[in-house]
Each structure stands twice: as C-alpha cells, then as structure tokens.
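To start, the structure under review is shown below, and the notes come after it.
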C-alpha cells in the first residue's frame, strides 16, 4: 500500500512553530530576554490548560515550580488555588523580576520535555513578545513633554492691589514719558494699598502721591 510522500523540506518530527533542523517550538533567540510581563492572558490560560492537570505521564506545574526553586510548602499553598500555573508565574515575576524571562520559561519547558506546549504556544508567545517590544519602542519615541514656561509678571505680595493703570514695576503709566517723577518706596506702596482697602482714595495711581491725574477733591 503506497503512502503519500512527505513534502519537501519537512521531516516526520516537523510541527507548526518549528523550523527544519530545529527543535519543536523554535523560538527566536533575540526575544529570549523579553520579560514575562509580555505574555498576555491568552497564552497564560492555555499554558495552564497544559500544566494544571496532575498527570503521571508528563511533567505538570509542580515540576515547573521545583525548577523555579519553589519549596514543598510553597507548592502545597499554590495547589489550593484554581490556577496554580498562573499563580506560579505571577510569583516568579515578583520574586525574580530580572530573571523571569520568556526565554527562561521556554528553556525549562524544553528541559521538562513538554514539547507539546512549545509547539502549540511558540507562535503566540513570539507574537506577544513582538507586541511588547513594539509598545516599548513607541513609548521611547514619544516626544518629551516640557512644562509650560510662565513668563508673566512675578506674583509677589507687593504687587497685590495694583490697578491696570499702574506699571507692575512701579512706574506711573500716566507719566511714562516723564522719568523724573517720585517713585514710592515699598513701605509707602504698602501704606497706599492699606488706605485703598480702608476706603480712602488717593485720587490717582498708587505708584506716586503727586500724579497729574489726582482728583480735584484731593487738591
């Protein structure tokens, strides 16, 4: 009985996610250093479907926990959770933020001979890693937000009460062309402000006592 010939460039051990001559579930080496936070919920859920069931025929999540350095009591605590695989990965990320990488996880799965997991998840893991790196690159390329520069007049206590007729720097706007008028010192300016608050009218601007705009009532 004749059998269908194998397609060119493939072997009986070839599977989706692998390349000719490579191990099942081949993963690009340049993505191995991507942190575990890059893996999305879908990949983690499918990983739990493979590793959560306790079977004697294949390594489960407890074997992965031992490879990650978990002790017996830690494994017993995780065993009571509905998704021990997901909880294990979360604790690994928090305990070893620098060493919890996607490449390390895939390496441990390969050591545990869970090639079925590698074959099924390799493409999804690679996609998540590329999306993560793309987001990081976009964040790095965003322009730096510079705070707005306030070029207005300094807001000091001595400027409180100055009207729009007065120059904030003490020059009478009505006598702008005359530079020899008498400027009020800071103490006199404060006295003038107090007089204004008390209802006493100076009849002109606050920057000098003898302003041409003084009202006839003061004269």
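Observations, loosely collected:
- Unmet criterion (only one of (1) at pLDDT below 95; (2) in contact with a helix residue (DSSP H, G or I) (Cβ under 9 Å, 6 or more places away or on another chain)) for residue 64: (1)
- Taken together, 76, 135 contain a single residue that is out of contact with any helix residue (DSSP H, G or I) (no Cβ under 7 Å at 6 or more places or on another chain), assigned by TED's automatic domain parsing to the domain that holds residue 53 and modelled with pLDDT of 95 or more, which is 76.
- Scanning region 4-17 for any residue that is under 36 Å from the mean Cα position of the chain (by Cα) and modelled with pLDDT under 90 turns up at least one such residue.
- Some residue of region 118-132 being free of Cβ contacts under 8 Å to residues at least 24 places away in the same chain and out of contact with any strand residue (DSSP E or B) (no Cβ under 9 Å at 6 or more places or on another chain): yes
The values are calculated or read from the model by the stated rules, or taken from the named source; none is laboratory data. Remember, it's a predicted structure, so these values are computed and weren't measured experimentally. We place every Cβ from the backbone using ideal geometry, glycine too, and count neighbours over all the protein chains shown.
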